Amino acid sequence: MTAEADVALSELQIALMRVLWRHGETSVSDVAAALAEERGLKYTTVATLLVRLEKRGVVKKRREGRQLVYRALVSEPQVRRSMVADLIGSLFGGDARELVAHLVSESDIAPGDLERVRKRLAKTERRGE
């Protein structure tokens, strides 16, 4: 899967991917154990989710003895970029400024938060992005 690929994931899929991102290559049983603690999911549910994500090219599996071991093929920033781009496109007509304006007007944003955004924008402008 390429860095520019459209990777929209459900909340449950993101929870699963966070286990892989946190642990790297991980067995189905280890992922299932983590998600059983966090969300009460059964092994079979986790295995099904992993198979579906593999079909989409989001994860890759390999066999280690009798176990299947999975690793993420996309990073958390890639997923974040893709999903935010989809959100901007569908809800804000492709205008990221509208998203920012919405967040400022609808969210409880502290002055320190705005200063961090200003610094990030200045840094981006200096790099010529």
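Considered as a group, the residues in segment 2-56 that are within 25 Å of residue 90 (Cα to Cα) and of a type in the set (Asp, Glu) include one that is modelled with the highest pLDDT, and that residue is 11. Does segment 101-111 contain at least one residue that is under 30 Å from residue 46 (Cβ atoms) and surrounded by 12 or more Cβ atoms within 10 Å (Cβ to Cβ)? Within segment 101-111 (the criterion being under 30 Å from residue 46 (Cβ atoms) and surrounded by 12 or more Cβ atoms within 10 Å (Cβ to Cβ)), the answer is no, since none of the residues qualifies. When restricted to residues that are buried (at least 16 other Cβ atoms within 10 Å of the Cβ) and either farther than 17 Å from residue 68 by Cα or not assigned by TED's automatic domain parsing to the domain that holds residue 69 (or both), segment 19-48 contains 1. The sole residue among 12, 87, 53, 91 that is crowded, with 17+ Cβ neighbours inside 10 Å and either more than 28 Å from residue 102 (Cα to Cα) or of a type in the set (A, V, I, L, M) (or both) is 53. Of the residues making up segment 9-25, one or more are under 13 Å from the mean Cα position of the chain (by Cα), over 30 Å from residue 115 (Cα atoms) and of a type in the set (Ser, Thr, Tyr).
The values are calculated or read from the model by the stated rules, or taken from the named source; none is laboratory data. Computed from a predicted structure; not experimentally measured. Cβ coordinates were reconstructed from backbone atoms using ideal geometry, including for glycine residues, and neighbour counts include every protein chain displayed.
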